[in-house]
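Below is one structure, written out as structure tokens, with a few remarks after it.
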Amino acid sequence: MNATPAVRAAALALTAAALAHTLWYGLHDPGHALAFGVLIAVGELARWGSLPGEREPAPLGAAGALAYALLGRSGGEPTGQDAFQVIAVLVAAQLVASVPHVARGRGPAPDQVARRILTVAFAAVCFQPLYNSGRSESWFGDGPYYAAFLLLLLGLTALCDAVLGALLLRAGTPVPYGPLLRDELRALLGIGSAVCATGAVMALGVAAAGLWALPVLCVPLLLTQLSFRRFVAVRTTYRQTIASLARSTEIAGYTPHGHARRVAALCTAVGRELGLSGPELTVLEYAALMHDIGQLSLVDPVPEGATATLPAAEQRRIALLGGAVVRQTGVDAKVAVVVERQADPFREQPLSARIVRAVNAYDDLCGESAGGPLGALERLRLGTGHDYQPQVVESLARVLARDGLTPVPPG
């Protein structure tokens, strides 16, 4: 079921209601609305130069929107905005900031905008009615209990954002919702936690010191964003280098064209279904790309590069040679371990090596088996007593069936 239309419709309805309400009743405390609107717009402009792989390309804009949603007073004086005004200021700031991006043909995706609106609306609806009615002050006061209340609300908001993110991703990928939600929740430990913490600190800082606290409190998150972008750029270059090394076996004629990429894509899908974390999936992808690099040490190429059809001793020799090559390249030692152990009996392998072995064998057998994909899977199932872990094989079958690559019957 595609939830994207429902999410977009909800965001559009909230936007229309918020703008109509604000236009009818006017802005309460326009100075703070303008200050936070400018902050959000500047943060959204930081999407300029964002790189593929960034989960949150505009962390300052997200933190500013969260801070405004959780703002109850400024310099000791109540601000008085309601949830509708928070949404209206957010939408107006996003529209202003999107102009230069749209002019360059790189405007924010509708799903990203809808996700931001609904997440901030959740925080504002949970906080503003309680604060404006005086209930939060009577329940929590202004001390540590109030800070704990904000942290709890931020946790719920982060959970809401993760649920929405997984729903929107589910519409564009055959991956089940569970693994996608798990990935989103794990990502909260990175830039997501920095956004939430900065939003809370901004709200508390402005409550105590007024709007002058905003510029000072923005600096740490800006530095974090710059560092994260540098990390993403390095990781992208690193992956391109590994992909180039993996292609060396194809260029030399040892493996069929596209074999390493196919194995890497299937391994990542199987690993995600089996619950591997983000770093584990990265190691798995790199190992899958380089799993055949040991063939470069062979005098005579293996026919079609199909190592799955070789005797076990020869498979282990090629795997050990590949691990030695990987270690010489300076790639993470965990990748070398997976490459070295891909030919061991599955009971002695780490999970990543089990996945690489099964997926590589599937791709090899598809090329040389007259039975095609179904025949290759049947041969894998016959080898589950010693060579392939049954759970990995069945997970591979589910991935193939879900992606429409082959009509796989239940094993």
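The values are calculated or read from the model by the stated rules, or taken from the named source; none is laboratory data. What you are looking at is a predicted structure, and each value in this text was computed from that prediction instead of being measured. A quick note on method: Cβ atoms are made from the backbone with ideal geometry, for glycine too, and the neighbour counts reach across all protein chains shown.
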Please name all residue pairs, on different chains or six or more residues apart, with Cβ atoms under 8 Å, provided the first residue is in region 208-228 and is farther than 23 Å from residue 72 by Cα and the second residue is at pLDDT 80 or above and of a type in the set (A, V, I, L, M). 222/60; 224/194; 225/60
The one condition residue 200 fails out of (1) at negative phi; (2) surrounded by fewer than 16 Cβ atoms within 10 Å (Cβ to Cβ); (3) touching a residue at least 12 places away in the same chain (Cβ under 8 Å) is (2)
Within region 200-258, track down each residue that is in a helix (DSSP H, G or I) and of a type in the set (Phe, Trp, Tyr). 228, 231, 238
Can we say residue 368 is touching a Lys or Arg at 6+ places or on another chain (Cβ under 8 Å), assigned by TED's automatic domain parsing to the domain that holds residue 271 and modelled with pLDDT under 90? no
Can you confirm whether residue 324 is closer than 24 Å to residue 182 by Cα and not aromatic (Phe, Trp, Tyr)? no
Residues in region 84-104: is at least one out of contact with any strand residue (DSSP E or B) (no Cβ under 9 Å at 6 or more places or on another chain), basic (Lys, Arg) and part of a loop (DSSP other than H, G, I, E, B)? yes
Pick from region 10-41, criterion assigned to a helix (DSSP H, G or I) and out of contact with any helix residue (DSSP H, G or I) (no Cβ under 9 Å at 6 or more places or on another chain), ranking: nearest to residue 164 (Cα to Cα): 13
Taking the options 16, 67, name whichever one is closer than 26 Å to residue 141 by Cβ and either of a type in the set (Lys, Arg) or at pLDDT 90 or above (or both). 67
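Condition test on residue 174, is it modelled with pLDDT of 85 or more and in the same structural domain as residue 14 (by TED's automatic domain parsing)?
Taking the combined requirement at face value, the residue does not satisfy it.
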Options 351, 320; residue that is at pLDDT 85 or above, over 19 Å from residue 242 (Cα atoms) and either surrounded by fewer than 17 Cβ atoms within 10 Å (Cβ to Cβ) or not assigned by TED's automatic domain parsing to the domain that holds residue 178 (or both): 351
When residues of region 104-142 are limited to those that are in contact with a Leu (Cβ under 7 Å, 6 or more places away or on another chain) and of a type in the set (Ser, Thr, Tyr), the one surrounded by the fewest Cβ atoms within 10 Å (Cβ to Cβ): 136
Failed criterion for residue 234 (all others in (1) without any contact (Cβ under 8 Å) to a residue 60 or more places away in the chain; (2) aliphatic (A, V, I, L, M); (3) in contact with a strand residue (DSSP E or B) (Cβ under 7 Å, 6 or more places away or on another chain) hold): (3)
Can you confirm whether region 70-79 contains a residue that is crowded, with 19+ Cβ neighbours inside 10 Å, assigned to a helix (DSSP H, G or I) and modelled with pLDDT of 90 or more? no
Going residue by residue through region 252-263, is there one that turns out to be at pLDDT below 85 and of a type in the set (A, V, I, L, M)? yes
Kindly indicate whether residue 304 is of a type in the set (D, E, K, R), in contact (Cβ under 8 Å) with a residue 40 or more places away in the chain and loosely packed, with under 15 Cβ neighbours inside 10 Å. yes
